[in-house]
1. What Kirkwood hydrodynamic radius, in Å, does the range 120-275 give when the mean of 1/r is taken over all pairs of distinct Cα atoms and then inverted?
2. Which of the peptides 225-234, 244-253, 194-203, 284-293 is most tightly packed, and how do the rest follow, going by the mean number of other Cβ atoms within 10 Å of each residue?
3. Can you tell me what percent of all Cα-Cα pairs in the range 200-251 are more than 15 Å apart?
4. Between residue 53 and residue 166, what's the calculated FRET efficiency when r is the beta-carbon distance and R0 is 22 Å? Round to 0.05.
5. Work out, step by step, the length gained on full extension between residue 24 and residue 207: first 0.36 nm times the residue separation, then minus their alpha carbon distance; give nm to one decimal.
6. How high is the FRET efficiency between residue 95 and residue 253 when r is their beta carbon distance and R₀ equals 35 Å, given to the nearest 0.05?
């Protein structure tokens, strides 16, 4: 085990030295990878901020629940108890039929017409604030409330939630497609870089094979090189995005002061940052593995 760890440590040290021996080439490759990762990363960060801003600034999702006209006080208490214990409800307000009629008289300006009615046609109702403003969650609550006893009608205006979800889904699709294309570009850059290194070290590789070195042993430093190249590119992409967000936030500060709003874009969280670095290193490793495996097979000595 110690010997295995020592071999990997020496291989990693040699790979870092190789990167340092050609700083300009390494920086150019890292810069290309960083820019390729920064584009989908910037779209993703903007999408996350837009989603958070839309959720915070959108009106609180409300569901109006109306009871049947023949509902008794005991039925109202049962609905009240159910709402009180429901995990998907943050708060609710009960509006009695008498209160609803009084509010209608005050707001409609047709008190005489309403007073001429023989009886109160309005039902008891509850105005409910949902915990989750996702369209699917709201519709699930609506369908659940409809099945409760003595419930006549449940009103839900979820059109805005559907529009928001559709917009966010489109944004996620764009980020996914752009990320996949640029991930392919990262693998291609690493593939070509490793290919050039293998060609320049062709004589060394052939000698190593003649004295018994296996393909995994020869391939190992190239895999480290690709992974480190991808990791450095991921960090570079993070820094490019961070710098862009900083500039945007500086321009947003005067605008936020004019509208008395909190307009500030947040950068990636720590888990997302770690995921980015690991993903970039994995893509670099993949490109190096593909290139090394393909070209080392051509160097079998006779």
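Values in this text are rule-based calculations from the coordinates and carry no lab data. Here the structure is a predicted model, which is why all the values come from computation and not from measurement. Neighbour counts run over all protein chains shown; Cβ positions are idealised from the backbone, glycine included.
1. 22.2
2. Working: 225-234: 26.2, 244-253: 13.2, 194-203: 15.0, 284-293: 23.1.
Top of the packing list down: 225-234, 284-293, 194-203, 244-253.
3. On the way: 854 of 1326 pairs.
Roughly 64 percent, once rounded to a whole number.
4. With R0 = 22 Å, the Cβ-Cβ based efficiency is 0.85.
5. That works out to 63.0 nm of additional length.
6. Using R0 = 35 Å, I get an efficiency of 0.25.
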